[in-house]
Amino acid sequence: MSDWKNLLLHGDCLDVIRDLQDILKGKVRLIYIDPPFLSGTDYTLKTRSISTRRSAGELQEEQTYSDKWEGGLDEYLAFMKTRLRAMKPLLRTDGSLWVHLDWHVSHYVKVMLDEIFGYSNFVNEIVWKRTNSPKPQSRGFGSQHDVILLYALDESKFKTNQMYRGHDDKSRKPYSYRDERGCFRLIEIEAQGIQRTEKRKQFEWRGRTAPYLYRRETLDKWWDSGLIYTSKNGRFTKKQYLSDVPGIPVSDIWTDIPPVQGTSAEHTGFLTQKPEALIQRIIESSTEPDDIVADFFVGSGTTAIVAERLNRRWVASDLSEAAIKVTRERLGQIQSSQK
Ligand SMILES: C[S@@+](CC[C@H](N)C(=O)[O-])C[C@H]1O[C@@H](n2cnc3c(N)ncnc32)[C@H](O)[C@@H]1O
């Protein structure tokens with residue numbers, strides 16, 4: 001198996017990972033997994049036969065996987081522990097593991113990952129708002145979010161690409177000034193509030209003496225580029241144009257990615273399918289083209305699809321035949337659209 005590019009494998013991920021140790025050890029840049037959550041549910045794949053004008057098409061439902069555990073939490077945690085331990089050696093020194101869970105077990109798996117990866121390699125707990133309409137509850141509150149735990153193999157070597165989300169009305173609001181280059185907001189260049197200590201040096205620049213936050217050469221450069229705004233009373237601030245700001249930096253709370261809806265083009269009928277935009281953000285933030293991305297619980301194939309589209313190499317597996325079938329179909333669709 002020396003000349004492989006991408007791999008889709010059917011089977012228990014523990015066997016898959018063990019079989020791949022030789023070729024993948026220390027080579028995988030990103031592992032994203034969305035394993036069972038101990039939800040107590042049997043999941044299915046719902047597909048509809050082709051509809052015509054006379055018939056809406058028949059709905060077919062086939063079992064994909066069961067997330068019911070006879071041995072309860074202990075059995076589930078033992079299942080996860082062996083698999084998470086087996087995955088770790090596959091990672092590159094600058095690689096990372098992202099584990100998608102929800103309220104059922106995320107706290108238990110967090111503690112387990114602290115043991116396996118080391119507490120100091122824990123990078124983030126990302127909250128993904130997965131629905132806008134939580135179900136009403138007679139006790140407590142309806143859950144609206146999933147959790148993604150991010151661990152670096154070695155936090156000192158792990159880097160991410162800063163991700164941005166599009167501007168919204170709230171983030172556009174401060175850009176209320178306008179000139180021939182477009183909308184801009186004003187940024188202070190003089191020390192304010194607690195920064196304005198007696199020790200801070202003041203100097204004279206273009207007729208105004210103030211505790212400037214930047215060196216004279218920097219201020220001159222901004223002046224020459226037309227980036228300094230002079231108010232009526234002679235105070236200087238810096239213009240920041242909306243078009244120069246790539247968007248709002250993404251934090252650990254992700255509220256801008258909707259779940260896969262029945263009407264959306266990517267919908268497959270696989271009940272726990274995750275949105276491509278979610279996986280795209282993860283892959284783009286933590287890998288570069290040609291890096292290897294792995295998902296050992298690939299379900300409907302979302303990670304493989306997105307990795308393929310972003311020119312990453314990928315390795316995917318699943319225990320369910322139905323999952324492998326859907327993943328193959330989705331990959332086939334990408335390949336035929338690329339021809
Ligand atoms: C939550 S789903 C993944 C959904 C996927 N992220 C997507 O976007 O479609 C979990 C998947 O794990 C698979 N699975 C469960 N146990 C497994 C095991 N031991 N090895 C490999 N896959 C397994 C299930 O068949 C299911 O497809």
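Every number in this text was worked out from the coordinates using simple rules, so none of it is lab data. What you see is a predicted model, and the numbers here were worked out from it, not measured in a lab. As a convention, Cβ positions derive from the backbone with ideal geometry for all residues, glycine included, and neighbour counts pool all protein chains shown.
Take the eigenvalues of the Cα gyration tensor for segment 17-169, scale each by 5, and report the square roots as semi-axes in whole Å, largest first.
The equivalent ellipsoid of segment 17-169 has semi-axes of 32, 21, 20 Å.
Among Thr160, Gly234, Val123, whose Cα lies farthest out toward the positive end of the dipole of segment 117-235, if unit charges sit on the beta carbon of Lys, Arg (+1) and Asp, Glu (-1)?
Projecting each Cα onto the dipole axis, the largest value belongs to Gly234.
Please list, ordered by chain and number, the residues whose modelled amide H lies under 5 Å from the amide H of Phe296; skip anything fewer than 5 residues away on the same chain.
Counting only residues 5 or more places away or on other chains, the set is Ser317.
Starting at the first residue of segment 133-145, write each ³J(HN,Hα) from the Karplus equation 6.51 cos²θ - 1.76 cosθ + 1.60 with θ = phi - 60°, in whole Hz, x for Gly and Pro.
10, x, 6, x, 10, 8, 9, x, 10, x, 7, 10, 9
What spacing in nm lies between the two simple spin-label points modelled at Asp290 and Ser176, each 7 Å away from Cα in the Cβ direction?
5.1
Mind ordering 266-276, 173-183, 60-70, 109-119 by average Cβ neighbours within 10 Å, highest first?
Packing order, densest peptide first, comes out as 266-276, 109-119, 60-70, 173-183.
With the dipole of segment 268-316 worked out from charges on the C-beta (+1 for Lys and Arg, -1 for Asp and Glu) around the Cα centre, which of Leu310, Phe297, Phe270 lies farthest toward the positive end?
Phe270
Which of Ala322, Ile279, Ile248 sits closest to the plus end of the dipole of the chain, meaning its Cα is farthest towards the positive end, when Lys and Arg get +1 and Asp and Glu get -1 on the C-beta?
It is Ile248.
Stokes-Einstein D for segment 169-244 at 10 °C, 1.306 mPa s, Kirkwood Rh over Cα pairs, in µm²/s?
The estimated diffusion coefficient comes to 117 µm²/s.
State the extension gain, in nm to one decimal, for the chain segment bounded by Trp4 and Lys46, taking 0.36 nm per residue of separation less the distance between their alpha-carbons.
Full extension from Trp4 to Lys46 adds 11.9 nm.
Quick one: putting +1 on the C-beta of Lys and Arg, -1 on the C-beta of Asp and Glu, what dipole do you get for the chain around its Cα centre, in Debye to the nearest 20?
Charge dipole, the chain, about its Cα centre: 1760 debye, nearest 20.
At 0.36 nm per residue, and after removing the present C-alpha to C-alpha distance, how many nm does the segment from Glu75 to Ser231 gain when stretched out fully?
The span from Glu75 to Ser231 would gain 49.4 nm if fully extended.
If you line up the Cα atoms of the chain on their principal axes, what length do they span on each, largest first, in Å?
Reported extents, whole Å, longest axis first: 76, 55, 53.
Is segment 89-182 rounded, prolate or oblate when judged by the Cα gyration tensor, a ≥ b ≥ c being the square roots of its eigenvalues, rounded requiring a/c under 1.5 and prolate requiring a/b larger than b/c?
oblate
Calculated FRET efficiency, Asp94 and Ala277, Cβ-Cβ r, R0 25 Å, to nearest 0.05?
The pair Asp94/Ala277 has a calculated efficiency of 0.55.
Quick check on the chain: helices-only [θ] at 222 nm, where DSSP H runs of length 4 and up contribute -39,500 (n - 2.57) each and the sum goes over total residues. Nearest 500, please.
-8000 deg cm²/dmol
Taking 0.36 nm per intervening residue step and subtracting the Cα-Cα distance, what contour gain separates Asp168 from Lys199 on full extension?
Net length gain for the segment: 7.2 nm.
When only Cα pairs under 8 Å and 6 or more residues apart are kept, what is the percent relative contact order across the chain?
22
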